[in-house]
Amino acid sequence: MKKFRFLMMAFTLLFAISIPTQLVAQNKKLIKEAKDGNGEAQAMLSTYYFKGIEGFDRDIEQAKFWAGKAEESARNG
């Protein structure tokens, strides 16, 4: 029984570590795409900053910045 409990704790810890790691990797990719001029990524990044979701802190200034970039990308489209 102790082995089973230990294995469950180990799997829980491993799972808990892997989710934030995946989120960080996804966010780095999103930021790179946004910086490279991808309007869809810029709009998504703006939303994430505005709502404070997907691992981003709520930051209205960053949300406005990326919304402006997305608008610019749409105009130049």
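3J(HN,Hα) along region 49-56, derived from phi through the Karplus expression 6.51 cos²θ - 1.76 cosθ + 1.60 where θ = phi - 60°, amounts to 5, 5, 8, x, 10, 6, x, 9 Hz, with x in place of Gly and Pro.
Annotation for THR21 and ALA74: the two label points, set 7 Å from Cα along the Cα-Cβ direction, are 3.8 nm apart.
A short reminder: the numbers here are calculations on the coordinates, not readings from a lab. Keep in mind that this is a model prediction, so the values were computed, not measured. We place every Cβ from the backbone using ideal geometry, glycine too, and count neighbours over all the protein chains shown.
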